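Have a look at the structure below, then the notes.
Any read-out appearing in this document is the output of simple, stated calculations on the displayed coordinates, not a laboratory observation. Quick caveat, the model's predicted, so the values are computed rather than measured. Reconstructed Cβ throughout: ideal geometry from the backbone, glycine too, with neighbour counts over all protein chains shown.
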Amino acid sequence: MPETHSSPPETRISVPDPDSAPPKEPPPVLDVHPAHHAASTWRDFFVHIATIVLGLLIAIGLEQTVERIHQHYELRETREALEQERKANEKAWADDEHDWRRTFVELKNNLTVLEYIRQHPGTPQTALPGELRWIQSPFEWNHAVWDAAQQKGVVQLMPLEESNANQEYYRILTTMNDQSLQAWNAINDAHSFDLLDSDPTHLTPQQLDQVIQLTLTALQKHVIFGYSFGRFAAEYPESPHTITWEMIETLRPLPSQLDPQGMAAAHQKTAERMKAANSGPNGTTIDPQALK
């Protein structure tokens, strides 16, 4: 038989189509770690809780430390600002005392003129022993730093003694500011007549009496304001002062000071009553003799 030769199998080469999409790659394999196993014993549970608590305590401690550092610097800055504010008040104090003395003399001058008009009716204004003046400058003081310290709560960071000392200092100044405004209003009331006629000799006797009384009221309020200057000088002697209790007392001398010999008996009687005001074994009772 003739030999039969078979053809080798046809080899086909697959040529990729340039227009076809590239083959998709398999998705990456995710590396998933198994979850931490739950606490299987009480010991593990308490260790876990203790770790959480310790972390919270550390966080709270760090927060409080930062807050205390902030409060420390804030308190130091406030103290420095308060010191500067006090120095500013000391500089304004001399002007306040100067203005107080001037207003006191003005009111005394006005009373002298008004009394002369009452005693010498018909006297023309040009013949009066002076002219009326109604000038008063408001009390000047600084308190913005203290106000801010109170609003921010910095005052609560101060020791109690320091806080009370600052509170008392500014309370006295607040009182003096109020007294200054009261005197200012009283002075404005006293010379409201000059809105219609500035010549006091044109006042009727009734109007003149009213103006004199209003002027006395203004002077009284101004003197009360002056006593606060004296009180401040007594409580803060380290600051310079020219208005003291003793100075105010010289402006309102007692009858026994004006006439020591003539008023000696009356002065002695009053002194005995005042001594009996605090009598008894412990000095806590009023002797009936003090009221006779």
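Quick check: convex hull of the Cα atoms in segment 177-264, volume per residue, rounded to a whole Å³?
Measuring per residue, one finds 143 Å³ for the Cα hull of segment 177-264.
By per-residue mean of other Cβ atoms within 10 Å, what is the highest-first order of 254-266, 190-202? Write down the numbers at each step before the final one.
On the way: 254-266: 11.4, 190-202: 14.3.
Put in order of decreasing packing, that is 190-202, 254-266.
Rounded to whole Å, give me the distance from the Cα center of segment 117-190 to that of segment 222-244.
13
Reachable lysines from LYS108, Cα under 22 Å, same-chain residues fewer than 8 places away excluded?
Output for LYS108: LYS221.
Report the normalised scattering of segment 74-185 as log10 I(q)/I(0) at q = 0.15, 0.18 Å⁻¹, calculated by the Debye formula with identical scatterers on the alpha carbons.
The Debye formula, applied to the Cα set alone, gives -0.74, -0.92.
Can you work out D for segment 143-292 in µm² s⁻¹ from Stokes-Einstein, where Rh is the Kirkwood radius over C-alpha pairs, the temperature is 25 °C and the viscosity is 0.890 mPa s?
It comes out at roughly 122 µm²/s.
Would you mind calculating the gained length between GLU77 and GLU162 on full extension (0.36 nm times residue separation, minus the Cα-Cα distance), in nm to one decimal? Provide the component values of the computation, followed by the final result.
Numbers: separation 85, 0.36 × 85 = 30.60 nm, distance 1.51 nm.
Full extension from GLU77 to GLU162 adds 29.1 nm.
Ranked from highest to lowest mean number of other Cβ atoms within 10 Å per residue, what is the order of the peptides 245-251, 84-90? Mind dumping the intermediate values first?
Numbers: 245-251: 13.4, 84-90: 15.0.
Top of the packing list down: 84-90, 245-251.
Near LYS275, which lysines are there with a Cα under 17 Å away, not counting those fewer than 8 places off in the same chain?
Cα-Cα hits under 17 Å: LYS292.
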